[in-house]
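Read the structure below first, then the notes.
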Amino acid sequence: MKIPQIKEYQGLPVVTAQKMKYIDEIARLDYGLSEDFLMENAGKLAAKEILEYIKENLKKEYIDVVVSVFCGRGNNGGDGLVCARYLKEEGVCVRIYIVSPSEKGYGELVVLNLNRAKEKDIPIKLVDFKNINEVEEEVKDSDIIVDALLGVGSVGKPAGVVKRLIQIANRSKKDIISLDLPSGLIPDTGHHTGVFITAKMTLTFGFPKSGLMALHAQKNIGVLKVINIGYPK
């Protein structure tokens, strides 16, 4: 699997998943930027782009728009939870569908942002195989699905509930907006493993990922925007 050799996109260096992890670490250790700070910025600015998308493409008032946010268990899910909160603040009708926790539960930031979403009275459904069919029915009236299932740290083929949610999102024929990268796309190469989101727009955080540069990936990414989430120069 070759990594596309594109070095720059919109004046920013193109990075691999490994490099992204390293940048996050430096931001934290050398510049004191907490993961919470970066996640808050990511979700907030993603919401801003989604509101723009609604204005330009749906031609509806925010209050008449239904957005379903599909969240994974990891930090990409956390970005989705933050994004949901900012959409709700603008009057959008938001619903959160999050993959139910593993035995270990959710990570600290996901718990934190789940609680913040609850405080805003956003309906939250923990998705497992018992209620997955219900979810498929419920999202039929959505205008947009936000894909926050798998981020740059994900490896391997989407399985279980995540796989089913990817299939539901694609089958819904709704406009899908992916956070960081379309779930199921391999961050470094842009290839997929057979189960992947086809997005109308991808909002990638901090830096463009090398897989998003691949020609074969373009049809799955839609419009690509790089969101500056506050990394120091």
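The values are calculated or read from the model by the stated rules, or taken from the named source; none is laboratory data. Model, not experiment: these values are computed from the prediction. Cβ sites come from the backbone with ideal geometry, for glycine too, and all protein chains shown count toward neighbours. Protein only, heavy atoms only, side chains kept; ligands, DNA and RNA dropped before computing areas. Shrake-Rupley method; radii C 1.70, N 1.55, O 1.52, S 1.80 Å.
Here are a few things to note about the model shown:
- A count restricted to segment 11-50 and to residues that are open to solvent by 20 Å² or more (accessible area, probe 1.4 Å), closer than 15 Å to residue 179 by Cβ and out of contact with any Lys or Arg (no Cβ under 9 Å at 6 or more places or on another chain) stands at 4.
- Of all the listed residues (232, 182), the sole one being assigned to a loop (DSSP other than H, G, I, E, B) and open to solvent by 30 Å² or more (accessible area, probe 1.4 Å) is 232.
- Condition met for residue 187 (free of Cβ contacts under 8 Å to residues at least 60 places away in the same chain and closer than 21 Å to residue 24 by Cα): no
- Note on segment 72-104: among residues that are basic (Lys, Arg) and in contact (Cβ under 8 Å) with a residue 12 or more places away in the chain, the one that is least open to solvent (accessible area, probe 1.4 Å) is 85.
- Residue count for segment 144-174 satisfying the condition of being closer than 20 Å to residue 223 by Cβ, open to solvent by 30 Å² or more (accessible area, probe 1.4 Å) and among the charged types (D, E, K, R): 2.
- In segment 200-229, the residues that are within 17 Å of residue 53 (Cβ to Cβ) and either open to solvent by less than 10 Å² (accessible area, probe 1.4 Å) or not in a loop (DSSP other than H, G, I, E, B) (or both): 201, 202, 203, 204, 205, 221, 223, 224, 225, 226, 227
- Counting only residues that are not in a helix (DSSP H, G or I) and not hydroxyl-bearing (Ser, Thr, Tyr), segment 113-148 holds 18 of them.
- Subset of segment 52-85 (residues that are over 14 Å from the mean Cα position of the chain (by Cα), closer than 18 Å to residue 178 by Cβ and not aliphatic (A, V, I, L, M)): 52, 53, 56, 57
- Exactly one residue out of 122, 96 is touching a helix residue (DSSP H, G or I) at 6+ places or on another chain (Cβ under 9 Å) and more than 19 Å from residue 174 (Cα to Cα), and it is 122.
- Test: residue in segment 108-131 that is open to solvent by less than 70 Å² (accessible area, probe 1.4 Å), modelled with pLDDT of 95 or more, touching a Cys at 6+ places or on another chain (Cβ under 8 Å) and within 21 Å of residue 198 (Cβ to Cβ): no
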